Amino acid sequence: MKKKILLMGKSGSGKTSMRSIIFASYLARDTMRLGPTLGMENSHVRFMGSLVLNLWDCGGQDAFMLNYFESQRESIFRNCSVLIYVFDIDSNETEKDLEYFQSCLDAIMQNSKDCKIFCLIHKFDLVPEENRESLFQERAKHLIEMGHPLKITCFRTSIWDETLFAAWSKIVYALVPNVQVLEKKLTKLASIIQSDEIVLFEKSTFLVISHATTTKHNDVHRFEKISNIIKQFKLSCSKTQAQFSSLMVRNTHFVAHIRQFTENTYILLVMDGTIPSAATLMNVEVARHAFEKIQ
Amino acid sequence: MDNLNKPKILLMGLRRSGKSSIQKVVFQKMSPHETLFLESSVKVAKHDVNNNSFVQFSIWDFPGQLGPDEFDAVSVFGEAGSIVFIIDAQDDTQEAEGKLVETVNMAFEINPELVFEVFIHKVDGLSEENKIDLHRTLRQRVSDELTQLGKSSSALHITFHLTSIYDHSIFEAFSKVIQKLIPQYPTLESLLDMYISNSRVEKAFLFDVLSKIYIATDSSPVDNATYELCSDMIDVVIDISSIYGVKNEDGCLPPADDSGAGGMGQPAGTYFPCDNETSSIIKLSTNTVLYLRQVNRFLAMVCLLKEENFDKFGLINYNFQMFRQAIQDVFNAKAKQGAN
């Protein structure tokens, strides 16, 4: 199953950097080496086995942008499942940015009415921490109004923290087939093996696909933090030509296991340490077959 | 008196060479990018590091434009354990070299026991070849100038390191600085040697988990890649433990503490997620296992071994308990000595 994802936004807003970090295992600081994208870069990423994400990374310089809305309009905006529009919070051309965005919205209305629209307001690391939430809410409100009647979801992101993973996890979640079935089964599994929490990650991007929580947890950002932590560690491992295969961390209060689950997923199991790990892991092994079938 | 027992490390160097940034990144968990927002230091900033029984010292961060006549050189140099001189490698190094030679000269007169560590800093932009060249050139030039002033470089303890706050090199360099200030170092090294030979471990480090400086390692050579992997493992363990492993009195997990788990200034125990039961096992595709065990509140042992040697878990565990007890004994001996 192929899904077309358009990645658009002004030149220098961070589209290629984001894509490189999420799908091509770049470290945040490696992205400094990337040059401007000239024209369009098309890539195919296999996700969760049966899904192919066809990413259209559209170079944002003025000359290209004008082309997209005119001569290439139909071929670009037709059959889109997702439009991701990236805004640079540090931009001093907000008027122009919004004009281009409006043009995109018009083109989408005409060519792919069912397309899901996500706005990533990027480079928030350049904003002092105390101002971030209010500035984001202000911008998001405006964008959502602009998009009406199309539904727009906004995120604030930065390549330097976990917010990037939070946004992209939500984006691919909208594309993964059978995701509700997955969640139901995961919830059932969590209660059977008496774990506090189970999280399912896609194998190479470590984006969160699904989770089941039986014990309340106050940190709402924990999933993307874990994506970030593991992704970083995977990159560290690759420096020694090794790959990360499994992980266990414990202290007096908990034990957490991260290991491969199905062909395309990794699983995180969090328990309170009173049940012997070996028993839990065996149960998870047995459950694996049921999950393999869903994909 | 407590202050006499705590070694002093002086951070010196020209303006904007990176002294305060280094101090904040290594000891106060600041992210390297945030150091861009740091203002120039105007006065000497003293910071006490009290992470654990072995890592106890005072860092004095000198503002770059402080001339030698503006502070009481005799008492400052007289009581110091080591001077860390920072040279900005991205700038023309001539002026820095001059200041270094001047400082070494003056300090050596006052206190011949002083150890000098020179950090050739901000090398993240340089290629491997350039780094090696720079290291060699600076070392040669400084040595020549000192000889001219009548100080033979063999009598002086000067070591050069290539560093950057954007990677592990600054932590590695500081590890070496601190190891020289720990009188128990040979004991710790022997204990680690014994542990690894009896447990078939390839490499073991004793890390201070707060600063990720290793205060001791076994006597086999340190491979940078291994050190970095072990240091990154500590990050993973702390980060995951901060999310799932911290409980309030009512049994619930507290909300995320974005200011960073267990910053240096906080009283021990509030949000620092590692306790005596902290342990972690990470398996890699190359049949290698990384094994972490908490030794005491802020010390952890991280070791690397082959997966086939990890099957005798009972043995490894037993040896570790012995090792932990031995460390405790060394600590107790030190405490007794301090009390006398």
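The values are calculated or read from the model by the stated rules, or taken from the named source; none is laboratory data. Predicted model, so just to flag it, every value in this text is computed and none were measured. Neighbour counts are summed over all protein chains in view; Cβ atoms, including those assigned to glycine, are modelled from backbone coordinates with ideal geometry. Protein only, heavy atoms only, side chains kept; ligands, DNA and RNA dropped before computing areas. Shrake-Rupley method; radii C 1.70, N 1.55, O 1.52, S 1.80 Å.
The table below gives the values:
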| quantity | calculated |
| --- | --- |
| Rounded if a/c under 1.5, otherwise prolate or oblate - the protein assembly as shown, Cα gyration tensor axes | oblate |
| Between region B:85-111 and region B:1-50, the Cα center-to-center distance that results, in Å | 18 |
| Solvent-accessible area per residue for the protein assembly as shown (1.4 angstrom probe, square angstrom) | 45 |
| Within chain B, helix-based [θ] at 222 nm, where runs of 4 or more DSSP H residues each add -39,500 (n - 2.57), nearest 500 | -12500 deg cm²/dmol |
| Rounded to the nearest 20 debye, dipole of region A:181-243 from Cβ charges on Lys, Arg, Asp, Glu | 160 |
| Nearby aspartates and glutamates by direct alpha-carbon distance to B:LYS46 (threshold 18 angstrom, same-chain neighbours under 8 apart not counted) | B:ASP2, B:ASP61, B:GLU70, B:ASP72, B:GLU79 |
| For chain B, built as a Gaussian network whose Cα springs stay under 10 Å, the top-fluctuating residue of B:ALA326, B:ALA80, B:ALA173 | B:ALA326 |
| Total charge dipole magnitude, the protein assembly as shown, about the Cα centre, Cβ charges on Lys, Arg, Asp, Glu only, Debye to nearest 20 | 2000 |
| Where A meets B: accessible area buried, both sides, 1.4 Å probe, Å² | 3000 |
| Portion, in percent, of the accessible area of region B:177-237 that falls on carbon or sulfur, probe 1.4 Å | 54 |
| Farthest toward positive dipole pole in chain A [+1 Lys/Arg, -1 Asp/Glu at C-beta], among A:LEU38, A:GLN243, A:ILE275 | A:ILE275 |
| Protein-protein interface of region B:205-248, residues with accessible area decrease of at least 20 Å², isolated chain reference, 1.4 Å probe | B:ALA225, B:GLU228, B:LEU229, B:ASP232, B:VAL236, B:ASP239, B:ILE240, B:SER241, B:ILE243, B:TYR244, B:GLY245, B:LYS247 |
| Within the accessible area of region A:184-267 (1.4 Å probe), percent carbon and sulfur | 48 |
| DSSP bridge orientation in chain B - percent antiparallel, rounded to nearest 5 | 55 |
| Whole-percent carbon and sulfur share, accessible surface of region A:5-75, 1.4 Å | 51 |
| In Hz, Karplus ³J(HN,Hα) per residue of region B:198-210 (6.51, -1.76, 1.60; θ = phi - 60°; x = Gly, Pro) | 7, 10, 6, 9, 7, 8, 9, 10, 10, 9, 8, 5, 6 |
| Prolate/oblate/rounded call for region A:165-295, Cα gyration tensor, a/c under 1.5 rounded | rounded |
| Solvent-accessible surface (1.4 angstrom probe) belonging to A:PHE233, in square angstrom, nearest 10 | 10 |
| 1.4 Å probe, heavy atoms, protein only - residues of region A:218-239 losing at least 10 Å² accessible area vs chain alone | A:ASN218, A:ASP219, A:ARG222, A:LYS225, A:ILE226, A:ILE229, A:PHE233, A:SER236, A:CYS237, A:LYS239 |
| Amide hydrogen neighbours beyond the local backbone of B:THR288, cut-off 5 Å, H modeled | B:GLU307 |
| Length-normalised contact order for chain A - Cα pairs under 8 Å, 6+ apart - percent | 16 |
| Selection from B:VAL142, B:VAL209, A:LEU120, by position along the positive dipole direction of the protein assembly as shown (Cβ) | A:LEU120 |
| Within the protein assembly as shown, percent of DSSP bridges classed antiparallel, to nearest 5 | 60 |
| Gaussian network model of chain B, Cα within-10 Å springs - most flexible of B:SER17, B:SER190, B:SER169 | B:SER190 |
| Whether region B:163-231 is rounded, prolate or oblate, judged on the alpha carbon gyration tensor where a/c under 1.5 counts as rounded | oblate |
| Cut-off under 5 Å, modelled amide H: who pairs with A:ILE117 long-range | A:LEU83, A:THR153 |
| Value at 222 nm in deg cm²/dmol, rounded to 500, when DSSP H runs of n ≥ 4 in chain A each add -39,500 (n - 2.57) | -12500 deg cm²/dmol |
| Region B:145-228: relative contact order as a whole-number percent, Cα under 8 Å and 6+ apart | 24 |
| Gaussian network model of chain A, Cα within-10 Å springs - most flexible of A:MET48, A:MET282, A:MET271 | A:MET282 |
| Dipole-positive endmost among B:GLY78, B:SER280, B:VAL330 within the protein assembly as shown (Cβ charges, Cα centre) | B:SER280 |
